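Chemist: Quick one: the structure is below, questions incoming.
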Amino acid sequence: MTDETTSRSPAVAPAGFARKYRGLSDRAVAWLFIGPSIFLLLAINIFPLIWTIRLSLTNYRANRTNADVDWVGLRNYERILTDPDIWNSMQATAHFLIWTLVLQVLIGFGLAYLINKKFKGNDLWTTIIVLPMMLSPAVVGNFWTFLYQPQIGLFNYVVAFLSGVDPSSFSMIGDVNLAPWAIVIVDTWMWTPFVMLICLAGLRSIPDSIYEAAECDRASRWRQFWTITVPMTLPFLMLAVLFRGIENFKMFDLVVQLTGGGPGSITELTSINLKREAFEKWRTGYASAYAVILFVTVFGLASIYVKALNKVKER
Amino acid sequence: MKSIGLASVAAASLAVAFSGSAKAEDLTLCWASWDPANALVELSKDFEAESGHSMSFEFVPWPNFADRMLNELNSGGKLCDLMIGDSQWIGGSAENGHYVKLNDFFDAEGIKMDDFIDATVTGYSEWPKNTPNYWALPAFGDVVGWTYRKDWFERPELQAEFKEKYGRDLGVPATFAELKDITEFFQEREIDGNTVYGASIYTERGSEGITMGAMDVLYSFGFKYENPEKAYDMEGFVNGPGAVAGLEYYKELYECCTPPGSSNGYMSEGIDAFKSGQVALQMNFAFTWPGFESDANVGNGKTGYFVNPAGPDGEQFAQLGGQGISVVSYSDKQDAALEYIKWFAQPDVQAKWWEMGGFSCLKAVTLAPDFPQSQPYAQTFLDSMAIVKDFWAEPSYATLLQDTQKRFHDYVVAGNGTAQEALDGLVRDWTETFEDDGKL
């Protein structure tokens, strides 16, 4: 056996390679493996971040390469933080983020709980429910504009059927009071299945023996739900909230297709606002400062959240 | 035999040497994706046959056209050899060196700007404006005008009802006040078993829609971009009483007389609304008109055309659209691109361009005696082109445009604040931009 292994060695590692790297320490080998990854990380993440911070301190405009670039210090940051339009955009994002998370967690968990039960057609229903998240956001945005159409839209007709109001009397994406809810509804429709799948994984990871032990202790269904199901799926739920929270903080395509940020600026989320500043108004320095502020916000919130998630897991 | 062979080789070499400047190139022309672009593809086949060059085309849908093409120009991209860019790009493209200056070429080839409609030369070619510095050849004249359902207007029962209600005949409106009466008359009216609405107007938020539509009205109500006596002095001109009245009118028109769900509509939504028989009137650029003539629902004489009506004081202007064709300075095939412009400027090519649905800007075509009768909309196009005004063409036009989009949509569609507040805010936004540019 020993002979066989020895005789195979040269075939596994070419002689030249072995000679060249013979005597490398573990640390050197480790660097050899992670070096390319670190290089790529620096090149495509860290360098652009540092460059963005640098640009944020200037009045640079990417559409005027011939113009002088002046150092403006923290002026861009000051302008952003005192701009009421930016705060309106933050509010719109917060409204969208909070409501989509609340609805997706509640509905997603509910669906997962139901799908977790054994019943005929379980697999078929699971497939049907996850269909929306397989579609392109641009396609979803586009066809929901038709569903929301006051004269021919199915959504308006369903609401009219249930409430008795005239279907053409309200416009989901043209009314300042309804448009923020219109985008929440579509995102919830599309991404609740994702939350459901994560919750389903959590529910299926709970051993049956725990429920059997609870049955022996004569714990009620309600008590089993609150003391076994919820705590044991909580880390999964929190993970789903983290994923959806980060995704929805940078939401762009779906909302652009649906409302274009309107009516007015009521659904102009920060990512849409940032894109307009950067690539329509071409205020590159200003947009860089805006991006840095958003990055710090997301990074800070995500860090706090991940710490909380780890604590929940440790319990 | 050998000498014949040598002579043949020598002749071929000479031929190649002399044709060095006419080397066959593959030119790429960039434009928006719309009907006129398809017509240009057909027209350009003549150029390919005559010149030996081949043509490729890069067409981008209107909502993404500016984003895509300005990115291309700003990054010094070589994708486009020829660019039919929007009129507002001329300032930035000239100052940032994206376009080749064409004065020497025009002089050498005998192309005279006086041969083109004056407004198109100013709008599409000149930078700075009203100076003889040319960066493009006027390629496609366009202007915002109106279409109406002539067949509905001619119905005796509607004519009688309208006359009884408004005391005048149902016909093409001469003023915006009359236009509003007509739209109110048709709003939610039953025609042939369908509910129809007054008008389709521009309300799009994302690119330039609501600005083009509202400005089309505001000009005739007294809006001016700046003090004619002092550049960039906007107070009282952008937000004067006339401009405020104009913006209030546009909001009233949106609220009273457009189909439900018209909160984000631009050119294509207008075309759909008109062709489907949803509206009696439609605001849209002239490029859409040939499509109505050939449409099964609204063609065959059912559609009429009229110039933007006059405002309360009789002033009458219209929003300029259209584009000039430029040579991109980053192109490696500038000689061949200039050949294309030389070919395109010829009167017979321009005449064919008009026949194919392209709106020629050459006076030899538009001032020909038979031009007004050449198409049902020809006279309206000519009359509209005589009263055009255009948005800022400054290098910062995109910032100025986005600020306008936001202010107008916030007031007209979202119903936030007053027209005075919207226009006061616009003056503040524009002032800040011009201050950043060092122009104030």
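What follows draws every value from the coordinates through simple rules; no lab data is involved. Bear in mind that the values here come from a model prediction, so they are computed numbers and not experimental data. As a convention, Cβ positions derive from the backbone with ideal geometry for all residues, glycine included, and neighbour counts pool all protein chains shown.
Chemist: What list of whole percents do you get for P(r) of segment A:89-171, with Cα-Cα distances grouped in 5 Å bins up to the one holding the largest distance?
Modeler: 3, 12, 12, 14, 20, 21, 13, 5, 1, 0
Chemist: Next up: Once amide H atoms are placed 1.01 Å from N in the peptide plane, what residues at a sequence separation of 5 or more from B:TYR134, or on another chain, have their amide H within under 5 Å of its amide H?
Modeler: So B:TYR134 has HN proximity to B:LEU102, B:ASN103.
Chemist: Could you pull out the GluC sites (Glu not before Pro) across segment B:216-291 that fall in loop regions by DSSP (anything but H, G, I, E, B) with no more than 10 other Cβ atoms inside 10 Å?
Modeler: Loop-located and lightly packed - B:GLU229.
Chemist: Apply the Karplus curve 6.51 cos²θ - 1.76 cosθ + 1.60, θ = phi - 60°, to the phi angles in segment A:195-207 and return the couplings in whole Hz, x for Gly and Pro.
Modeler: Couplings: 5, 4, 4, 5, 5, 4, 4, x, 5, 6, 7, 7, x Hz.
Chemist: Two decimals, Cα atoms only, Kirkwood Rh: what is Rg/Rh over the protein assembly as shown?
Modeler: For the protein assembly as shown, the value is 1.06.
Chemist: Let me ask something else. Could you please rank B:GLU50, B:GLU315, placing first whichever residue has the fewest other Cβ atoms within 10 Å of its Cβ?
Modeler: Lowest to highest Cβ neighbour count: B:GLU50, B:GLU315.
Chemist: Right, here's the next one. Take every Cα-Cα pair in chain B and report what % of them are more than 26 Å apart.
Modeler: Across chain B, Cα pairs with separations above 26 Å total 58 percent.
Chemist: Here's a follow-up. Just want the ordering: B:VAL298, B:VAL328, A:VAL29, A:VAL72, from fewest to most Cβ atoms lying within 10 Å of their own Cβ.
Modeler: Going from sparsest to densest Cβ surroundings: A:VAL29, A:VAL72, B:VAL298, B:VAL328.
Chemist: Further question on the same structure: Taking a cut-off of 12 Å between Cα atoms, list the aspartates and glutamates near B:LYS101, but don't count ones fewer than 8 places away on the same chain.
Modeler: Cross-link targets: B:GLU126.
Chemist: For A:THR58, list long-range residues whose amide hydrogen, built 1.01 Å from N in the peptide plane, is under 5 Å from its own amide hydrogen.
Modeler: A:VAL72
Chemist: Follow-up question, since we're still on this one. If I stretch the segment between B:ARG168 and B:GLU226 completely, what's the gain in nm (0.36 nm per residue apart, minus their alpha carbon distance), one decimal?
Modeler: Between B:ARG168 and B:GLU226, full extension yields an extra 17.1 nm.
Chemist: Figure the gain on full extension for B:GLU315 and B:GLN159 (residue separation times 0.36 nm, minus the Cα-Cα span) and round it to one decimal in nm.
Modeler: Full extension of this stretch gives 53.4 nm more.
Chemist: Using only the Cα atoms of chain A, construct the convex hull and provide its projected area averaged over every direction, in square nanometres to one decimal.
Modeler: 28.8 nm²
Chemist: Given the protein assembly as shown, what percent of its DSSP beta bridges are antiparallel, to the nearest 5?
Modeler: 65 percent
Chemist: While we're looking at this one, here's another question. At most 13 other Cβ atoms within 10 Å and a DSSP loop assignment: could you name the trypsin sites (Lys or Arg not before Pro) in segment A:61-148 that fit?
Modeler: Loop-located and lightly packed - A:LYS117, A:LYS118, A:LYS120.
Chemist: Filter the cross-link list B:LYS150/B:LYS352; B:LYS163/B:LYS275; B:LYS150/B:LYS363; B:LYS23/B:LYS342; B:LYS406/B:LYS439; A:LYS275/B:LYS406 down to pairs whose alpha-carbon distance in this structure exceeds 25 Å.
Modeler: B:LYS150/B:LYS352; B:LYS163/B:LYS275; B:LYS150/B:LYS363
Chemist: Which whole-Hz couplings ³J(HN,Hα) result when phi for each residue of segment B:68-79 is put into the Karplus expression 6.51 cos²θ - 1.76 cosθ + 1.60, θ = phi - 60°, listed in order with x for Gly and Pro?
Modeler: 5, 6, 5, 4, 4, 5, 5, 8, x, x, 9, 4
Chemist: Right, next: Using the alpha-carbon centroid of each, what span in Å lies between segment B:174-194 and segment B:28-88?
Modeler: Value for the Cα centre distance between the two parts: 39 Å.
Chemist: Among B:HIS53, B:HIS409, A:HIS95, B:HIS98, which comes first, second and so on when ranked by fewest other beta-carbon atoms within 10 Å?
Modeler: A:HIS95, B:HIS53, B:HIS98, B:HIS409
Chemist: Could I ask something else about it? Cα axis of helix B:209-221 to longest principal axis of chain B: angle in degrees, 0 to 90, nearest 10?
Modeler: 70 degrees
Chemist: Right, next: Only loop residues by DSSP count here, and only those with at most 16 other Cβ atoms within 10 Å; note down the chymotrypsin sites (Phe, Trp or Tyr not before Pro) in segment A:226-265 that meet that.
Modeler: Counting only loop positions with at most 16 other Cβ atoms within 10 Å, the chymotrypsin sites (Phe, Trp or Tyr not before Pro) in segment A:226-265 are A:PHE252.
Chemist: Further, regarding this structure: Between segment B:328-390 and segment A:139-182, how many Å separate their Cα centres?
Modeler: Cα centres, segment B:328-390 to segment A:139-182: 43 Å.
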